[in-house]
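Just below is one structure, and these are the notes that go with it.
A short reminder: the numbers here are calculations on the coordinates, not readings from a lab. Note that the coordinates shown come from a computational prediction; the quantities given were computed from them, not determined experimentally. Methodologically, a virtual Cβ is constructed for each residue, glycine included, from the backbone with ideal geometry; neighbour enumeration extends over all protein chains shown.
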Amino acid sequence: MHDVAALARAAALDAADLVADPEALHEDGIWFLPWPVTRSIAAALARTHPTAVLDLVRRERVRSRQRALDEVLDSPWTVAVTAGETEAALYGTESLTQSRKHSVLLFWAAGPEPSLFDQFVALQRAFDGLCVVSAEAAVELRKLRTKRAERIATALDTARAG
């Protein structure tokens, strides 16, 4: 990175914080920043300039798709097919849907990913919620007083206990 101040202004960050990391290296007028700092810059830019980030993602997707197609079509093992057929087989023909755009922005703007412990806690909460729902379902099934409902309720109880 050549211009720390300009990047800091664009990302709405403090320039001093960008180069304060002990692993940041300044050599020949260029700053080399470690991955965590780079990731925080990318997240800040995604929050402040979401349209530009989506445009960059789209351009990179087109560029990488074209590189992959060129490699496949230039391979001696490729059967004679059209580029369109190859592209459809490799990638599909979909563009970035609205939900995909949202997930790209969420990935970049949301900051660090949750730790394994945070993921475990969330999974445990979801499991506990399912246990409550399955217990309530078993009670309601038994009220139906049919053999099939009883078998399903018993299976729910067994799964919850095990």
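One decimal place: the segment residue 66-residue 28 gains 10.2 nm when fully extended, by the rule 0.36 nm per residue minus the C-alpha distance.
For the pair residue 124 and residue 39, a Förster radius of 25 Å applied to the C-beta separation gives a FRET efficiency near 0.35, rounded to the nearest 0.05.
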